[in-house]
Amino acid sequence: MNVPDHVQALLAALRDAGFEAYPVGGCVRDSLMGRTPSDWDLCTAATPAQTEAALAGYRLIETGVKHGTVTVLTERGPVEITTFRTDGEYFDHRRPERVTFVPDLREDLARRDFTVNAMALDPSGSVVDPFGGRTDLAAGIIRCVGEPDRRFGEDALRILRALRFAAKLDFSIDPATGDSAVKNRALLDDIARERVFAELTGLLTGPGAGRVLREYAPIIFQMIPELAAQAGFDQKNPNHIHDIWTHTTMAVDAAPPEPVLRLTMLLHDVGKPACFFTDEAGVGHFYGHGERGAEMADGILRRLRCDNATRERVCLMIRNHDIEPPQTPRAARRLLARLGEDGARQLIACWRADNADRGEAVRVRNLALIDDWEKLLAEALAGPAPCFSVKSLAVKGQDIMALGIPEGPEVGRVLAALFDAVTDGEVPNEREALLHKALVISREKD
Ligand code: ATP
Ligand code: MG
């Protein structure tokens, strides 16, 4: 296995000072899978103070001395070094208040969450694997180290970590572990929302996301009860061949694996059950579910402590996800103005994902509309000085007032009319042309 030089150097320094030290956890798992680890975590018999002494000359941060962790800032990124420990008492199904340092690697591996995460690399390069991690890795299985009920009871975040790893590695969850995760799902209510959100985002961006969402729906509904009404919901509409929840999970898989897009697809139809009605012919409709869904998603994402930029973008996507795609240059420019270039591209990706599980005929028709839209978008972007909001007009309120228009609502009206004129391609977004147009607009009113 290829341990990079900067990590080898740290291991050597600790071992030279007389302490056992091993790469452990995710980096061992990823290396065994032939993947490049995103980061290297080490564990050691040295206490944090001993680690600091052994690594004098390095830049260190005491990230979690109470939990035994020191972070070393190397030129090739941070490396976390954690003293062998067992976790002390757990309170409220969250992280332990105190940890106990132990002399032995095996005990440290025993406190880790899953067998595939409970392996270390010894100096000879062989894998220390007391819980069958390699076998589970080869079979693609997430399994708790020890008794699942006890492990989820200690730290309920592990319930979501199991789902996240299953999605990210595209693994299945061992039945005993999976059943226990579902059974203990109410314990998730005690976990800090930001930690829940981080795991949920990790789950959604994994290649196995849709499957995990379907298999462990009760756990997802525990975090987001607003989605529960989708399960088994018959849409009574020939355009939809699946119940809403199944459609949602398939739309997640069909979107590029970026947090905004995957969160959008998870929540895009959250407003549907509340907007459902059937017409005289018995066909189901969901008018207004984009707007309703955006409002609900806003509440859900605030509750989950999602960052503002992501939340606002996701809600913008959901609000617009069921509009008619623009079919004229003018409509394309207006949409571009409303969403911005990134937003327009993201909405196109959402549209494609939303159509992935439709019946053949509907899908082909809708995908053709989206292709046309993409062409119109490219043309709109290639056009002169795209203008995305009143703020990006080449004139300001001051300029309008300088024309003799009094300060007040009339200035806003003129600016809004100018913006529409630019968006519609009637005037270029240039100062002289806009001032001229402003006069025309203000006279039109009189
Ligand atoms: P990733 O590549 O996603 O970072 P990772 O395995 O490194 O995966 P981390 O969350 O960085 O995951 O955790 C590092 C290691 O610490 C894990 O491999 C596992 O051994 C242990 N661990 C982390 N969180 C827990 C937990 N809640 N309970 C038990 N062990 C944990
Ligand atoms: Mg890690």
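The values are calculated or read from the model by the stated rules, or taken from the named source; none is laboratory data. The model shown is predicted, which means the values in this text are computed figures rather than measured ones. Methodologically, a virtual Cβ is constructed for each residue, glycine included, from the backbone with ideal geometry; neighbour enumeration extends over all protein chains shown. Surface accessibility is based on the protein's heavy atoms, side chains included, excluding ligands, DNA and RNA. Shrake-Rupley method; radii C 1.70, N 1.55, O 1.52, S 1.80 Å.
Some points to look at:
Residue by residue, here is whether (1) in contact (Cβ under 8 Å) with a residue 60 or more places away in the chain; (2) among the aromatic types (Phe, Trp, Tyr) holds:
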{"position": "GLU215", "(1), (2)": "no, no"}
{"position": "ILE241", "(1), (2)": "yes, no"}
{"position": "ALA255", "(1), (2)": "yes, no"}
{"position": "MET265", "(1), (2)": "yes, no"}
{"position": "PHE277", "(1), (2)": "no, yes"}
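- Residue within the stretch 53-73 that is among the charged types (D, E, K, R) and within 28 Å of the chain's Cα centre (by Cα) present: no
- Residues of the stretch 1-38 that turn out to be closer than 26 Å to THR135 by Cα, surrounded by 19 or more Cβ atoms within 10 Å (Cβ to Cβ) and touching a helix residue (DSSP H, G or I) at 6+ places or on another chain (Cβ under 7 Å), as a count: 6
- Some residue of the stretch 186-195 being under 26 Å from PRO257 (Cα atoms), within 16 Å of ligand 2 (Cβ to nearest atom), surrounded by fewer than 23 Cβ atoms within 10 Å (Cβ to Cβ) and not assigned by TED's automatic domain parsing to the domain that holds VAL252: yes
- Residues of the stretch 158-176 that are touching a strand residue (DSSP E or B) at 6+ places or on another chain (Cβ under 7 Å) and surrounded by fewer than 22 Cβ atoms within 10 Å (Cβ to Cβ): SER172, ASP174.
- Annotation: of all residues in the stretch 39-70 being of a type in the set (S, T, N, Q) and open to solvent by 10 Å² or more (accessible area, probe 1.4 Å), the one that is nearest to ligand 1 (Cβ to nearest atom) is THR69.
- Looking only at the stretch 126-146, and only at residues there that are more than 14 Å from ligand 1 (Cβ to nearest atom) and assigned to a loop (DSSP other than H, G, I, E, B), the one that is most open to solvent (accessible area, probe 1.4 Å): SER126
- Residue check, VAL362 in contact (Cβ under 8 Å) with a residue 60 or more places away in the chain and among the hydrophobic types (A, V, I, L, M, F, W, C): yes
- Of the listed requirements (1) open to solvent by 10 Å² or more (accessible area, probe 1.4 Å); (2) part of a loop (DSSP other than H, G, I, E, B); (3) out of contact with any Gly (no Cβ under 7 Å at 6 or more places or on another chain), ASN237 misses just one: (3).
- Just so you know, in the stretch 312-341 the residues that are within 13 Å of ARG292 (Cα to Cα) and not in a helix (DSSP H, G or I) include one that is nearest to the chain's Cα centre (by Cα), and it is HIS321.
- Of the numbered criteria (1) without any contact (Cβ under 8 Å) to a residue 60 or more places away in the chain; (2) in a helix (DSSP H, G or I), the one VAL7 fails is (1).
- Residue under evaluation PHE114, criteria (1) modelled with pLDDT of 95 or more; (2) more than 16 Å from ligand 2 (Cβ to nearest atom), criterion not met: (2)
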